[in-house]
Amino acid sequence: MLFGLARTVDKKSGWDVDTDITAEAAAATFANENNDQNGRNESEEENSDDSAVHNETENVVVTAVAADLPTQRSRISRMLPGSTTYSERRMPVLANLLYGLFTLALGVTGYFLPMNLFSCYGGSTGPYEPSSSGHWSTDISILPSDVGAWASSTQPNELSYATFAYISSAGAEQNFTLFQGSDNESGYNTQTLWSAATVGREPFNFPYIQNPSQFIAAGDGWACFTGIDATLTSNGNQQPKSNLVGCSNGIVVQTTDPTRHSFQGPYDFFINNNTLWFKDYPSWSGEQAGSGTLIYSIDNYDGMEVELHSTYTKSSSKRYDAEGSLSFDDEAANSDYDDICWTKHSVFAIFVSAVPVTLASIVLWLKRKAPAMAITSYIGVSACANFVYLAIAVWENDLNEFWGWWLSISAALYLAILCDLTHCKRGIARSPLIWGINVSAIAFFIGMIILTDIFGSSVAWPWIVFNVIALIPLLIVGIGYSQVFLLVLCAVGWLMTAVKIASALAALAAPAANVPIYFVVLAASGLLIAGAGWWLNKNQVQFGSVICYHMERISLSRRMLPDEELEESARREQGDAELQGEVSVSV
C-alpha cells in the first residue's frame, strides 16, 4: 500500500518530465524578457548615440550570459558539488517519505518471520530476551510444619509495614532501635537506616542502605529488614542499585551480597527458631523467568548465607538446582541449542529482511532518484552486517563493540564514496548524495563515540582521538560540500569536549568553584563557536572552492566514469567518419 501511494504521488507530481525541454523553455523565456527590456532601453535613449551603443553592448553581454551561463554563481555551483543547481528537479517530499517508509516496512515485516519461527532464549547480552515459560516451585514436605504453612499461603500472612524494630539483648548493657529516617542534610528526602541506643549515644546512620522496610525482630538480639543497596564504588561513583536483605544487632549491619543474590523484591518475612524466612518474585527476563514464588532462608546473621529452597522447571522439563544452574549435560545441550537457534534466526533474517531492504533501496535510488534511499540503503547494508555477525559470533558477544567498529568504518567509507560521486562528470542526481552524506556523517559521529568510549573513560586520549579523527574530517567535508548539518555535528562535539574540560577542571578545584568553572568554560566555548561560525559564513565560498578543487583532482569517479557528452560526441564523429568512408568507396 505504501508503495502504491508513493507511485501515485510520484506520477501525479510530474517532477521527472524531460528536463531538456524545461531548460530550453526557461532559456527562451529568459531571452524574451531580455529582448523586451532591451527594446524599452533603446526607446528611452534613442536620442543618444553613445547610450545606444552602450545599450547594444549590454544586450550582447546579457544574451551571451543567458546562453552560456559562465557566471560566477555557476562556477561556484560546480566547485561546491554539495549544493543542487537550479536545473535539477527534486522528488516531492511526500513521495520521498512514502518510498522510505515502504523500504523500512519491507524490512520490519520480513523480520517478523524469524522472530516467530525461531524462539531462541538468550542471556542478558542477547539481541532480545523472550519471556520463559518456566515455573518456580517449592517442596513443602521437606520444610518445618510452621514454615510449610507459611510458604503454602498464596497471600502474605502478615504483610509488614513496620518502619522500626526494637532489639532487646539479654545481658546487654543497652538495647537498640532500628528505624528508617532522614536528617535532610544532603538536601534530598532519602530514607536511610538508623540505629539508636536506648541511652548514652546519638542515633547512628547507615547511609548506603536506603528505603529500609519490613522490620522484624529475629531473636538473639538481631532484627532484619529489606532495603536498597546504595554503596559507592572505589572511585566514588554510584553503582547500580539492587535489593538486599539485612540484619543488625544495633551496632553492625550485615547484608546479603548483591553479586551472588539478585532479589526482585523480598517480602513476607517470617521468623522460625531464630531463622529468617522470606519470599521473592521471579525474574521478569532471562533464562529463569517465569511464574511461581521463591522461598529463601537465613539462619546465620553474622555470615548472611542465603539458602534457596525452590527449584526451577522449564517447559522442556529441565531441572535446575538450588543455585539456579543446570546440570553440566543439560547446560551444554541448552547452550548448543541456543547457538544453533540464533544462527538460523540471523541467517533467515538476512534473506527476508536485510537483503530486500537493500535491493529495494538501490533500485529506487537508480530508477526514481529518491533521496531517502541513500538512508535506507545504508540501513539495509548495516542490517546485513549485523545479522552476519550474529550468525558467526552468536548472541553472547557484545554488540556495542561491533557497532562501534562498523559505524566508524562503514560510515567513513560511505561518506567518502558519496563525496567522490559528486565530482563525477555523469548526470548523477545530487539530492540522494546530499542525504547520504548527512546520514553517513551522523553514523560516523555515533560510531566514533561508541568506539572511543569518551563518556566512560576518565583519561584524555579518547577525547583527543575523537576530536582529531571524527570532528576535523567532518569539518572539512562540511565546508567543502556546503553541508550545514556536518558543521552542527562538529559544534556539538566541541561542546561535549568543553563540558569534559570543565568537569576535569572542577574535579581539581574546590567544590565552591564548580559553578564558576563551568560558566567560564562553557561561555568561552560558546563564544568561540559563534565567532568561528561568523567567520566561516564570510569565507566559506573561498575555502569550499579550494577544498572542492583538490577533491576534484583526486576523484576516482571523475577518472573512471567519462563524460556522457564526450562519449556521445565521439560516437557521432566515429559514425560520420564511417559514413564518409562508405561514400568515398561507392564513388
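Quick one: which helices (runs of 4 or more DSSP H) lie wholly within region 461-568 and hold at least 1 residues that are under 20 Å from Lys425 (Cα atoms) and of a type outside the set (Lys, Arg)?
On the way: elements: 461-465, 472-480, 484-508, 514-553, 556-560.
Counting at least 1 such residues, we get 472-480, 514-553, 556-560.
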*Selection count where residues are within 23 Å of Tyr161 (Cβ to Cβ) and either open to solvent by less than 40 Å² (accessible area, probe 1.4 Å) or without any contact (Cβ under 8 Å) to a residue 12 or more places away in the chain (or both), scope region 243-255*: 7
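Yes or no: Ala502 among the hydrophobic types (A, V, I, L, M, F, W, C) and more than 28 Å from the chain's Cα centre (by Cα)? Walk me through how you get there before you give the answer.
Numbers: among the hydrophobic types (A, V, I, L, M, F, W, C): yes; more than 28 Å from the chain's Cα centre (by Cα): no.
In short, no.
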_Given the condition basic (Lys, Arg) and under 28 Å from Leu556 (Cα atoms), answer yes or no: does some residue in region 428-438 qualify?_
yes
*Tally of residues being touching an Asp or Glu at 6+ places or on another chain (Cβ under 7 Å) and either open to solvent by 40 Å² or more (accessible area, probe 1.4 Å) or at pLDDT below 90 (or both) across region 279-310*: 2
*If we scan region 399-414, do we find a residue that is among the polar types (S, T, N, Q), in contact (Cβ under 8 Å) with a residue 40 or more places away in the chain and closer than 23 Å to Trp342 by Cα?*
yes
*Being open to solvent by less than 30 Å² (accessible area, probe 1.4 Å) and touching a helix residue (DSSP H, G or I) at 6+ places or on another chain (Cβ under 7 Å) is the filter here, so list the residues in region 256-278 that pass it.*
Asn272, Trp277
*Give just the number: which of (1) within 19 Å of Phe179 (Cα to Cα); (2) modelled with pLDDT of 90 or more does Asn249 not satisfy?*
(2)
*Close pairs from region 289-315: first in contact (Cβ under 8 Å) with a residue 24 or more places away in the chain and under 13 Å from Asp139 (Cα atoms), partner of a type in the set (D, E, K, R) and in a loop (DSSP other than H, G, I, E, B), Cβ under 8 Å, at least 6 apart*: His309/Asp139; Thr311/Asp139; Thr311/Asp321
*Can you confirm whether region 422-433 contains a residue that is at pLDDT 90 or above, open to solvent by 20 Å² or more (accessible area, probe 1.4 Å) and either under 26 Å from Tyr99 (Cα atoms) or assigned to a helix (DSSP H, G or I) (or both)?*
no
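The values are calculated or read from the model by the stated rules, or taken from the named source; none is laboratory data. Source: prediction; values computed, not measured. Cβ: placed from backbone, ideal geometry, glycine included. Neighbour counts: every protein chain shown. Accessible surface areas use protein heavy atoms only, side chains included; no ligands, DNA or RNA. Shrake-Rupley method; radii C 1.70, N 1.55, O 1.52, S 1.80 Å.
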